[in-house]
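Read the structure below first, then the notes.
Derivation of every value follows stated rules applied to the coordinates shown; laboratory data play no part. None of these values were measured; they are calculated from a predicted model. Cβ coordinates were reconstructed from backbone atoms using ideal geometry, including for glycine residues, and neighbour counts include every protein chain displayed.
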Amino acid sequence: MMGTDRERATIRHDALGIAAYAGAFGASFGAVSVASGLSIAQTCLLSVVMFTGASQFAFVGVIGGGGSAVAAIPAALLLGLRNTFYGVRIAGFLGVRGRRSALAAQLVIDETTAMAIARSRPAAQRYAFWVTGVSLFVLWNLGTLGGALGGSAIGDPETLGLDAAVPAAFLALLWPRLDDATSRAVAVGSAAVATALVPLLPPGMPVLATIPVALVAGLRGPAMRKAG
């Protein structure tokens, strides 16, 4: 029993630490979103409904760059697609049904998945998922509201450098994942393709045009392992 209490205390401590970071990052998103042309209400609704940082930054990045929703929505959906695979991984130990399954699906993101699968016991996995998910959701949305209110009072996004916040946020999200040669090659190839297409395509479309780079890398990886 004492071991379970200690484990839960550790989970709560770690979850609140992650949530505090999420709150600060959410404030950045809120400020960037209103600077990109969304209203405070639209910004907050996006955080409630979408609730996946990379996808939200992708959406407002395309909108802020002059792109349409036709380009912004697919870009956001592609980045959020990984959460579907996370859901398949954690569905076994969550064991939720009905309305709780819809709530659980909303909370399936990088951090909740990592916190859950880091535990060995199903009970601890479920506890880690829910504590982390609820903490993140609350602080992310509070941060979004605060950032949106502050960003709306600034006016010109260049005043505090908010025009550079979206690419900076993407670099912060991307950098820790470039831990092998394949990831680095995909990143460099995608950047090269997008940069070359920026003068030729509407805002947001160059990002979508980099999809074949990842597909080719994904197909070559298994083929090379099989040949080896």
When 119, 99 are arranged by how many other beta-carbons sit within 10 Å of their Cβ, fewest first, they go 99, 119
Hey, fewest Cβ within 10 Å first, where do 36, 101 land in order? 101, 36
Just rank 12, 100, fewest to most, by other beta-carbon atoms within 10 angstrom. 100, 12
The stretch 10-128: radius of gyration over Cα atoms, expressed as a fraction of 2.2 N^0.38 Å: 1.16
Stretch gain in nm, segment residue 120-residue 88, where the contour uses 0.36 nm per residue and the Cα spacing is subtracted: 9.8 nm
Along the stretch 23-31, Karplus-curve 3J(HN,Hα) (6.51, -1.76, 1.60; θ = phi - 60°) to the nearest Hz, with x for Gly and Pro, reads x, 5, 5, x, 5, 4, 4, x, 5
